[in-house]
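Read-outs throughout are calculated quantities, based only on the coordinates presented, and are distinct from any laboratory measurement. None of these values were measured; they are calculated from a predicted model. Cβ placement follows ideal geometry from the backbone for every residue including glycine, while neighbour counts extend to all protein chains displayed.
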Amino acid sequence: MKLSYIYVAVPDLKEALGFYRDDLGLDEAWREGDSTVAFQLPNSPIQLMVDVPPDSGENWSTGPFYEVDDLAAFIAEHSGFTWVGEPIEIPGGRSAAFRDPGGNIMHVFDQSGAE
């Protein structure tokens, strides 16, 4: 597992852009559609991913995003985890969410569909 993103769910992307880009001065790294923007964190390989979730499901809660080699294998190896929702398709791969013992959401993803 490799920490790649800190995922932050927001209700309004324009307002979030004003805060993270304009107030905090973070540099935009990439965008996905009209609902997701990532910012490069200074002096770090980790990015802050700001997203307007498509629904109010628990799997869209704010939390870290860890990259794994194979999401299906990771899920199978950790069947005792408390998985939240079903795995979803993301650009280049798939993602899933689970709860840690304290109830916090953790996200894992792979890039199995990346070229």
(message) As an exercise: evaluate LEU41 against (1) more than 23 Å from GLY113 (Cα to Cα); (2) loosely packed, with under 15 Cβ neighbours inside 10 Å and give the number of the one condition it does not meet.
(response) (2)
(request) Go over the candidates LEU26, LEU48, LEU41, LEU13 one by one and state the one that is in contact with a Ser or Thr (Cβ under 9 Å, 6 or more places away or on another chain) and not charged (D, E, K, R). (result) LEU13
